[in-house]
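Trainee: Sharing a structure below in structure tokens format, with a few things to ask.
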Amino acid sequence: MRKSDVTCPKCQAGYRRIELTSKGGAAGEFRCLVCGEILERMDGSTDVAFRLTVQPNTNSYAF
Ligand SMILES: [Zn+2]
């Protein structure tokens, strides 16, 4: 299992990224839950999960 932290370049939301290399997962893309920016495209060779850990500062985020 590989763990890393990812920050959305658009809204600065923080995610914990957990990758299970021992099994395959769903291919597709992970979008930021806050702003919809694509943070990663998965090819399905590993199982990748994201968990929101840092809420962005909404005062500095312009819709
Ligand atoms: Zn975002």
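Bear in mind these aren't lab numbers, they're just calculated from the coordinates by the rules spelled out. Please read all numbers here as calculations on a predicted model, not as lab measurements. As a convention, Cβ positions derive from the backbone with ideal geometry for all residues, glycine included, and neighbour counts pool all protein chains shown.
Trainee: Sorted by average packing, counted as other Cβ atoms within 10 angstrom per residue and highest first, what order do 21-31, 7-17 take?
Mentor: Taking the mean over residues of other Cβ atoms within 10 Å, the ranking is 7-17, 21-31.
Trainee: Separate question: Around LEU33, which amide H atoms from residues at least 5 apart in sequence, or from another chain, sit under 5 Å from its own amide H, with H modelled in the peptide plane?
Mentor: none
Trainee: Another question, then. Among residues other than CYS11 whose Cβ falls under 13 Å from its Cβ, what is the net charge (Lys/Arg +1, Asp/Glu -1)? Mind showing how you got there, number by number?
Mentor: On the way: positive: LYS10, ARG31; negative: GLU37.
Combined, the nearby Lys, Arg, Asp and Glu give +1.
Trainee: What does the net charge come to around MET1 if you take all other residues with beta carbon closer than 13 Å to its beta carbon, with K and R at +1 and D and E at -1?
Mentor: +3
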